[in-house]
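The values are calculated or read from the model by the stated rules, or taken from the named source; none is laboratory data. Predicted model only: the values in this text are computed from it and were never measured. Please note: Cβ atoms are built from the backbone with ideal geometry, for glycine as well, and neighbour counts cover all protein chains shown. Heads up: the accessible areas ignore ligands, DNA and RNA and are worked out on the full protein's heavy atoms, side chains in. Shrake-Rupley method; radii C 1.70, N 1.55, O 1.52, S 1.80 Å.
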Amino acid sequence: MTESALHVEHLWKIFGPRADRIIGTPDAELSRSALKEKTGNVVGVKDVSFDVAPGEVFVVMGLSGSGKSTLVRLLTRLIEPTAGSVVMNGQDMTAASEAQLRDLRRNHVSMVFQHFGLLPHRSVIDNVAYGLEVRGVSKKDRRATAAQVTELVGLKGYEKSYPDQLSGGMQQRVGLARALAGDPDLLLFDEPFSALDPLIRRDMQNEVIRLHRELGKTMVFITHDLAEALKLGDRVLIMRDGEVVQIGRPDEVVGAPADDYVREFVSDVPKSHVLTLKWVMRPVSDEVGADSPVLPAHTVVREAARSVLANRGPVRVSEDGKIVGMVDDEDILRVVVAEED
């Protein structure tokens, strides 16, 4: 089994006096509002556990107050956890000394925030190189690395510009380049695009997808936007009141919501854009021929529509080298028509 890039186990954050004494008692099972009323303490994150595989884009999604931003800060101990453990590439963050934490934050993890935090008196290339400067990298080497990364994020030609000369989307590209310049093992995004205009936001989402495809970095992405979560995530964790409601692939979250809360969330999602053939296929019957086309079960319905509708009969569906079902034009149209109701 491949070691997780990030392993989070029974992580808690309770704000207030004697918070550690609550865990393991009946009070820990109270709702957030009931606990606050009884003890004055507020639960930020409640018994959260998950793993992130190397190279995975793992999205944490929830509404305001769900605990998602608290969670991402716990991962690098920008906020100290009340209980639980965070292991990053085999190193226990919760047991790390101050010196070890500084090393991890400088050399192994980078964060991209909603507020870019660019240095206004420094040019683009010097902003991108800033983290390397803090590490003590020579000016020649950090400038060379910064130039490469600046080009990678689409800012070639703007190296000498200053932040106030750039649009919001371009400033966020500088922030992204700065995070990438140190070649981190893990990238943490805390709602980085929520302040951007919709079109720029879409461009930046596509940029993250492109960079992930090219670099294969492990990413944890925080958002309150379900469409963004489903677009970016290999898997999605949905939070409510500090707790995990569901963890699954986008098609699992849409196809098999864990409860009414998630079901309501995904009710307006265009299902043909997310569901795979696995969710719409039927058992194989005699009507499908042995020479009929075969599509993988993980094919998104929208992408499969043309092949299925062009075929004069059912199309077989395969998984792990085996035929596991079939779909025809009615199965595809049933999903598409349901979106228009």
The alpha-carbon pair-distance distribution computed for segment 7-60, with 5 angstrom bins and whole-percent values, is 5, 18, 28, 17, 11, 10, 8, 4, 1
Between the alpha-carbon centers of segment 1-40 and segment 214-234, tell me the distance in whole angstrom.
26 Å
Summarise the accessible area of the chain (1.4 Å probe, protein heavy atoms) by the percent that is carbon and sulfur.
49 percent
Backbone HN-Hα couplings from phi across segment 158-164 [Karplus 6.51/-1.76/1.60, Hz, Gly and Pro as x]:
10, 4, 9, 6, 10, x, 6
Would you calculate the separation in nanometres between label points at Asp320 and Leu101, each defined as 7 Å from the Cα along the Cα-to-beta-carbon direction?
4.3 nm
Might you report the magnitude of the Cβ-based charge dipole of the chain about its Cα centre, with Lys and Arg at +1 and Asp and Glu at -1, to the nearest 20 debye?
1400 debye
Report Rg (one decimal) and Dmax (nearest whole number) for segment 24-106, counting Cα atoms only, units Å.
14.7, 43
Compute the convex hull volume of the Cα atoms of segment 176-302, divide it by the residue count, and report the result per residue in Å³ as a whole number.
154 Å³
Rounded, prolate or oblate (a/c below 1.5 giving rounded, otherwise prolate when a/b exceeds b/c) for the chain by Cα gyration tensor
oblate
If I stretch the segment between Glu9 and Ser307 completely, what's the gain in nm (0.36 nm per residue apart, minus their alpha carbon distance), one decimal?
102.9 nm
Taking placed amide H atoms and a strict 5 Å upper bound, the residues 5 or more places from Arg240 or on another chain that come that close are Val245
Please state the shape class of segment 57-194: rounded when a/c is under 1.5, otherwise prolate if a/b exceeds b/c and oblate if not, all from the C-alpha gyration tensor.
oblate
Run the 1.4 Å probe and let me know the accessible area of His121, rounded to the nearest 10 Å².
130 Å²
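To the nearest 20 Debye, how big is the dipole of segment 6-104 about its Cα centre, given +1 on the beta carbon of each Lys and Arg and -1 on that of each Asp and Glu?
440 debye
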Count charges around Gly90 for me, please; just the other residues with Cβ under 12 Å from its Cβ, Lys/Arg as +1, Asp/Glu as -1.
-3
Run the helix sum for the chain: -39,500 (n - 2.57) per DSSP H stretch of 4+ residues, divided by residue count, reported at 222 nm to the nearest 500 deg cm²/dmol.
-10500 deg cm²/dmol
Apply the Karplus parameterisation 6.51 cos²θ - 1.76 cosθ + 1.60, with θ equal to phi minus 60°, to every residue of segment 42-55 and state each ³J(HN,Hα) to the nearest whole Hz, in sequence, with x for glycine and proline.
10, 7, x, 9, 10, 6, 8, 9, 6, 10, 10, 7, x, x
Determine the gain in length on full extension of the stretch Leu199-Asp329; use 0.36 nm per residue of separation and subtract their C-alpha separation, reporting nm with one decimal.
43.4 nm
Show me, for segment 293-309, the HN-Hα J-couplings you get by feeding each phi into the Karplus relation (A = 6.51, B = -1.76, C = 1.60, θ = phi - 60°), rounded to Hz, glycine and proline as x.
x, 10, 10, x, 5, 7, 5, 5, 3, 4, 6, 7, 4, 4, 5, 5, 5
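Which value, in Å to one decimal place, does the Kirkwood hydrodynamic radius take for segment 153-205 when every pair of different Cα atoms is included?
12.0 Å
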Env charge @ Val43, Cβ radius under 9 Å, K,R +1 / D,E -1, value +2
Spelling it out for Met326: with amide H atoms placed in the peptide plane at 1.01 Å from N, the residues 5 or more places away or on another chain with amide H under 5 Å from its amide H are Arg282, Val284, Val317
Segments 214-227, 100-113 sorted - mean Cβ within 10 Å per residue, highest first
214-227, 100-113
Find how many whole Å separate the alpha carbon centroid of segment 301-341 from the alpha carbon centroid of segment 153-183.
43 Å
Sorted by chain and then number, the residues having a modelled amide H within less than 5 Å of the amide H of Ile222, at least 5 places away or on another chain, are Val60, Phe189, Asp190, Glu191
Lysine pairs within the chain, Cα separation less than 26 Å, 8 or more sequence positions apart or different chains:
24
Rough spin-label spacing in nm, given labels placed 7 Å along Cα→Cβ, for Glu80 and Ser31
3.2 nm
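Under unit Cβ charges (Lys, Arg +1; Asp, Glu -1), what dipole magnitude, rounded to 20 debye, does segment 99-233 have relative to its Cα centre?
Dipole magnitude for segment 99-233 comes out near 420 debye.
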So Ala147 and Asp260, fully extended at 0.36 nm per residue minus their Cα-Cα distance, gain in nm 35.8 nm
Determine the shape class of segment 115-162: with a ≥ b ≥ c the square roots of the Cα gyration tensor eigenvalues, call it rounded for a/c under 1.5, and otherwise prolate if a/b is greater than b/c, oblate otherwise.
oblate
